[in-house]
Amino acid sequence: LEFSLPTRIGLVEGKTSPEELLAAAHGGCITMSLAGELTQAGTPPGRLDVDVKIVMDEVDGEGHQIVASYVDATVAVESLDDEALQEAVEKADKGCPFSQLLKRGGAEVHVSARLA
């Protein structure tokens, strides 16, 4: 995939950015992890829609840094209440290597989910 500096500042022109690729990787990882947790709990998802927003900001003395990842999942699953969903999301976040990598790197990771 082609990417360039202008893709980081909004001139997409059919290309991507490293931050967009990170968002895709984090989203894919969380999706697989959450699907696994729900399936192990006996409530396999019918559908998972996941959106990820990567935040890059200027950090004093460190330049531009990835400072946060916001993951928002909408889950269609039968026979699951919100409490069980939130428990599965917490486990999925802990089991996602990208979430752990971002946290070890000092970025905030926010994972939220709601039932469809």
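The values are calculated or read from the model by the stated rules, or taken from the named source; none is laboratory data. Since we're looking at a predicted model, the values are computed, not measured. Note: ideal-geometry Cβ built from the backbone for every residue, glycine included; neighbour counts use all protein chains shown. The protein model used for the area step is the full one, side chains on, heavy atoms only, and it has no ligands, DNA or RNA in it. Shrake-Rupley method; radii C 1.70, N 1.55, O 1.52, S 1.80 Å.
Take every Cα pair under 8 Å in the chain that's 6+ residues apart, average their separations, divide by the length, and report that relative contact order as a whole percent. 25 percent. Spatially close Lys pairs in the chain, defined by Cα atoms under 19 Å apart and a spacing of eight or more places or different chains, total 5. The alpha-carbon atoms of the chain define a convex hull whose volume equals 110 cubic angstrom per residue.
Restricting the calculation to Cα atoms, the range 53-112 yields a radius of gyration followed by a Dmax of 14.3, 50 Å.
Add -39500 (n - 2.57) for each DSSP H run of 4 or more in the chain, then divide by its residues: what number comes out at 222 nm, to the nearest 500 deg cm²/dmol? List each step's numbers first, then the result.
Numbers: 4 runs with 49 residues, N = 116.
Helix contribution divided over all residues of the chain: -13000 deg cm²/dmol.
For the peptides 75-85, 59-69, the ranking by packing is 75-85, 59-69, with the highest mean count of neighbouring Cβ atoms within 10 Å listed first. By accessible area, using a 1.4 Å probe on protein heavy atoms only, the chain has 52% of its surface on carbon and sulfur. Solvent exposure of the range 26-116, expressed per residue, is 59 Å² of accessible area, with all protein chains present and a 1.4 angstrom probe.
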